[in-house]
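Working notes for the structure below.
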Amino acid sequence: DAGITQSPRHKVTETGTPVTLRCHQTENHRYMYWYRQDPGHGLRLIHYSYGVKDTDKGEVSDGYSVSRSKTEDFLLTLESATSSQTSVYFCAISVVAGVSYEQYFGPGTRLTVT
Amino acid sequence: AQSVTQLGSHVSVSEGALVLLRCNYSSSVPPYLFWYVQYPNQGLQLLLKYTSAATLVKGINGFEAEFKKSETSFHLTKPSAHMSDAAEYFCAVSSNNDMRFGAGTRLTVKP
């Protein structure tokens, strides 16, 4: 258990509304990630953070923004939700393990945009 | 750019049979390779990883994977499937904290 929680766990929202998902970690890991999971695509990186106020885009960042004002919290915002953003969203942290990194995942947030 | 391809989106085996899930990678640098498992309504859990220390890697729950550079493969195996192995499995490749996942293989275990 890497001490990662996500909130909410489930959300249904309407097209055009803003949505914020929260990822919280308890172990002060520097790197945090947001992925979305869709059938046939595996996990795709949306944004990641390498420290407080330090973030960068992943491969599917359009329509998403992130913020990290504290080490323990990484927020993902959909400024104006669209049906194509219906997905399961996972937060992850990266941990140094030997010569490599390992990523550990939260339980996920299932978002439905109607 | 690095990537992985998982051959077969669905694999079905009988309980007690060999499990073989295929993964091929593409990487311009020596890769770190991972297998993750996802049970329904849960996040991903690390099964095992390859970091060049040994080509045959043993993981949790009786799974193992062999790194074959000549074939650019990292297939996941288990000698005898158990009903509890039914899940979705993801292969991933990583360098410099950038991890790329395959599309996943759903394993079904028949009694």
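The values are calculated or read from the model by the stated rules, or taken from the named source; none is laboratory data. Here the structure is a predicted model, which means the values were calculated and not measured. Please note: Cβ atoms are built from the backbone with ideal geometry, for glycine as well, and neighbour counts cover all protein chains shown.
Things worth noting here:
- Residues of region A:105-114 satisfying the condition of being surrounded by fewer than 21 Cβ atoms within 10 Å (Cβ to Cβ) and closer than 17 Å to A:Leu43 by Cβ: A:Pro107, A:Arg110
- Looking across region A:51-76 at every residue that is exposed (fewer than 15 other Cβ atoms within 10 Å of the Cβ) and closer than 22 Å to B:Ser3 by Cα, the one that is modelled with the lowest pLDDT is identified as A:Glu59.
- Verdict on A:Val60 being without any contact (Cβ under 8 Å) to a residue 60 or more places away in the chain and away from chain B (no Cβ under 14 Å): no
- For the residues A:Leu76, A:Leu21, A:Leu45, the requirement of being more than 24 Å from B:Ser94 (Cα to Cα) and not in a loop (DSSP other than H, G, I, E, B) singles out A:Leu21.
- Restricting the search to strands (runs of 3 or more DSSP E) fully inside region B:1-84 and requiring at least 1 residues that are away from every other protein chain (no Cβ under 14 Å) gives B:10-14, B:19-26, B:56-58, B:64-68, B:73-78.
- Taken together, the residues in region B:7-60 that are under 18 Å from A:Phe105 (Cβ atoms) and touching a strand residue (DSSP E or B) at 6+ places or on another chain (Cβ under 7 Å) amount to 17.
- Sole residue being within 14 Å of chain B (Cβ to nearest Cβ), surrounded by fewer than 16 Cβ atoms within 10 Å (Cβ to Cβ) and either within 16 Å of A:Gly3 (Cα to Cα) or out of contact with any helix residue (DSSP H, G or I) (no Cβ under 7 Å at 6 or more places or on another chain) (or both), chosen from A:Ala92, A:Ala97: A:Ala97
- Checklist (1) more than 11 Å from chain B (Cβ to nearest Cβ); (2) in a strand (DSSP E or B) applied to A:Ala81, failing item: (2)
- You will find that of B:Tyr50, B:Tyr36, the residue that is modelled with pLDDT under 95, surrounded by 13 or more Cβ atoms within 10 Å (Cβ to Cβ) and among the aromatic types (Phe, Trp, Tyr) is B:Tyr50 and no other.
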